[in-house]
Every structure is written in C-alpha cells, then in structure tokens.
Amino acid sequence: MHRRKFLKNSSLGSAGLLGAATLAGCGGKTGPEAGAAPMLAASPGPVALCTWDFGNATEKAWSVLNAGGSALDAVEAGVKVEEANADNQTVGLGGRPDRDGHVTLDACIMDPAGNCGSVMGLEGFLHPVSVARKVMEETPHVILIGEGAAAFALEAGFEKQELLTEASRREWEEWKKTSDYQPVINIENHDTIGMLCMDEAGDLSGACTTSGLAYKMRGRVGDSPVIGAGLYVDNEVGGATATGLGEEVIRTVGSFLIVELMRQGMSPQEACEEGVRRIMAKNQGRTDFQIGFIALNKQGQTGAFCIHPGFSYRLYNGEGHRNIPSETFLKS
Ligand code: GLY
C-alpha cells in the first residue's frame, strides 16, 4: 500500500499506529515522544475538477478515485466521457472538423512522476487521451502526430472509426457557404476538457483533450496536447490546465506558468488570474477570444480564471459535487 495512504488509513483507524509509523520514518523513536511528534497531514484528496460544466466526466473520475483508483486512471476515465459524447462538438466524437472536413484530435496526459504523452492531429480514433497514455507508457517518446500517431494507435489495438457526426457535418457545410474558407476565432466554440485529479494518496495527474478550433486550417495544433501550455502537473506543487484559444495559451506556456507561480507561493486562484493577465498584456485591447484556466495545488485548493464571463469548472471533492462559475478578467 502507498505509504501516505497507509498513514491516512491509520489515522482513521488507529492514532497509536499512526504515531509509531510516523516515528519509524523519523529514525525509529518509540515511547512517550511518539505521541508528541508532529503527525503527517492526511492527503486532502481525493479531488477531481475539470474545465466547464462536464458533470458526467467529473463524476466518472470521482468514481475511480472513490474506489481507491489512481489520479492517472481517474483523469483518463473522466475525459473519455466527453471524448465519447457526440453532443459535445469540441471534443472527440462529434467534434467540429477542420475547414477541409477532417475531425482531428489533440490530447495529452501527465502522471505524478512527470511522465507525459501526447497525440496531435489524430484522426479516426475515439479516445486520443488513451492513445496519448500509450505513447507515455509504451514508447520512448512524448508526442506522436498525424499519420504516425494513427499507425501507432492501430498497432496498440485501438479501433478506427468515423468521428464526423451528421450534425457536425451539416454545420460545416453551412459554414462553408459563408466563410470564404477563413478559419474564425470565436468565443463560444472552445469547450476543451482539461481535468486535474488528486487521489487518496495525494498524487496528482492531469489530462486535456479537444477537437481544437472549429474549421481550423488543416494541420493546425492548439495548446491542448502541448505539455506546459494546455496542461502541466508537478506532483510537488500542483497542476493547471487550459481551455480557449490555444495560440494564446502556447505563447505564454500558460499551464506551466501557473504551476510555477504556485510553486512561488501563489494560491491556485491567484496563479490562474496572473496567467490570464499575462495573456491580456500581450493582447492589449483585444477581446475577441476566450481563455480559461483551472488549477489545483497539493493542498487540495482550487482556482479558476477566464477572460469572458461564461466559463465555469466542475469540482468534486469531500465537500460534494458542484459547478463553480469562474472569476473573469472582463466583466459582462
Ligand atoms: N484549446 C483548444 C485549442 O485551441 O485547440
């Protein structure tokens, strides 16, 4: 059993055992001093949170955590719910295509040891996050792209399938009539799911998955599969993940920045606010795009901040399950 989990369980079941176990780790002292030794704090986990109001995804992650599962298994299981949700047109099945009609998926995952895997521009596979996990666990690489990623997915046993749904195809056909084939930036069509979880042992993992900007140029990749931009996790400090216009998140390496700000002492909320402010400072006067960040620190505290109203995040922890409206840079 993981040592922290053991200590946490011990604290629930036997204070005396906890004292002995704590001191065994501090040089094996026993006797009266044992009771006076500082107790190791129990993990504030489990915690699960994700961008936007994806209740089914956080609930799935929570069910994994609640059964004693790892944060890594929880984030994968959680975001897979939205990858398979045909009604969500910004992730996985039913995602809006690029301007040539191809649904191209980007995803990444990070574990508590700092291992990471990513796929970019993956076509024809329902669960890019699971392919990213395989890249992390079964290759010497971090990122696979396009055809190479698809060949790897097939080899790894994933089944190919059509991801362009009739609804998304019809919308794309309509878009083509008036768009002049120009990719558009918009504020609404960015419901990327980024998820952060802490398990009972206090270990952190994260995942991020998207079909990217609707009607993007073929080959365009956003922030979601870029480690440090769309997602970053440091198990000593915390994790952060992003939704919104990926180009802007990449320019500031947003998620890494937020984790580093937390390392320097900021709360998750303060760090998310600073992350958005850095982006706005590089875009003086521009308000035609949305970015939202969420963050979780090692103490189980969370934060979120976005540019425009409308962003929220789903949080599942010991206090319950709720949707939390984000603080915003621009007020409505
Ligand atoms: N954040 C998703 C994207 O820009 O592709």
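The values are calculated or read from the model by the stated rules, or taken from the named source; none is laboratory data. All figures in this text were calculated on a predicted structure; none of them were measured in a lab. Neighbour counts run over all protein chains shown; Cβ positions are idealised from the backbone, glycine included.
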| request: Only one of these is among the basic types (Lys, Arg), touching a residue at least 24 places away in the same chain (Cβ under 8 Å) and over 26 Å from ASP203 (Cβ atoms): ARG99, ARG133. Name it. | output: ARG99
| List pairs: first in segment 212-235 and among the aliphatic types (A, V, I, L, M), second near the ligand (Cβ under 7 Å from one of its atoms) and in a loop (DSSP other than H, G, I, E, B), Cβ under 7 Å, 6+ apart or cross-chain? | LEU213/GLY222; ALA229/ASP223
| said: Just to check your reading of the model, which residue among ALA242, ALA207 is closer than 18 Å to LEU315 by Cβ, within 9 Å of the ligand (Cβ to nearest atom) and either buried (at least 24 other Cβ atoms within 10 Å of the Cβ) or free of Cβ contacts under 8 Å to residues at least 40 places away in the same chain (or both)? | reply: ALA242
| task | Look through ILE193, ILE145 and report the one residue that is in contact (Cβ under 8 Å) with a residue 12 or more places away in the chain, within 16 Å of the ligand (Cβ to nearest atom) and surrounded by fewer than 21 Cβ atoms within 10 Å (Cβ to Cβ). | result | ILE145
| task | Could you tell me whether segment 242-252 includes any residue that is among the acidic types (Asp, Glu) and in a helix (DSSP H, G or I)? | result | yes
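Which residue out of SER63, SER118 is farther than 25 Å from PHE152 by Cβ and either within 16 Å of the ligand (Cβ to nearest atom) or more than 12 Å from the chain's Cα centre (by Cα) (or both)?
SER63
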| request: Tell me which residues, restricted to segment 170-190, are modelled with pLDDT under 90 and more than 16 Å from the ligand (Cβ to nearest atom). | output: THR178, SER179, ASP180, TYR181, GLN182
| field | Answer from GLY202, GLY230 - the residue that is closer than 21 Å to LEU126 by Cα and either away from the ligand (no atom under 14 Å from the Cβ) or surrounded by 18 or more Cβ atoms within 10 Å (Cβ to Cβ) (or both) | value | GLY230
| message | Here is a list: ALA207, ALA150. Which entry is assigned to a strand (DSSP E or B) and in contact with an Asp or Glu (Cβ under 7 Å, 6 or more places away or on another chain)? | response | ALA207
| field | Which listed residue is modelled with pLDDT of 95 or more, away from the ligand (no atom under 13 Å from the Cβ), surrounded by fewer than 17 Cβ atoms within 10 Å (Cβ to Cβ) and within 18 Å of the chain's Cα centre (by Cα), from GLN301, GLN264 | value | GLN301
| query | In segment 89-104, is there at least one residue being within 21 Å of PHE54 (Cβ to Cβ), among the charged types (D, E, K, R) and more than 15 Å from the chain's Cα centre (by Cα)? | reply | yes
| Taking the condition of a type outside the set (Phe, Trp, Tyr), more than 16 Å from the ligand (Cβ to nearest atom) and free of Cβ contacts under 8 Å to residues at least 60 places away in the same chain, does GLU248 pass? | no
| Any idea how many residues of segment 231-261 are under 16 Å from the mean Cα position of the chain (by Cα) and among the acidic types (Asp, Glu)? | 1
| query | From the list GLU274, GLU236, which one is surrounded by fewer than 19 Cβ atoms within 10 Å (Cβ to Cβ), touching a helix residue (DSSP H, G or I) at 6+ places or on another chain (Cβ under 6 Å) and either assigned to a loop (DSSP other than H, G, I, E, B) or at pLDDT 95 or above (or both)? | reply | GLU274
| request: Answer yes or no as to whether ALA86 is surrounded by fewer than 24 Cβ atoms within 10 Å (Cβ to Cβ) and either assigned to a loop (DSSP other than H, G, I, E, B) or in contact (Cβ under 8 Å) with a residue 60 or more places away in the chain (or both). | output: yes
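In this structure, does GLY68 turn out to be part of a loop (DSSP other than H, G, I, E, B) and modelled with pLDDT of 95 or more?
Spelling it out, GLY68 is indeed part of a loop (DSSP other than H, G, I, E, B) and modelled with pLDDT of 95 or more.
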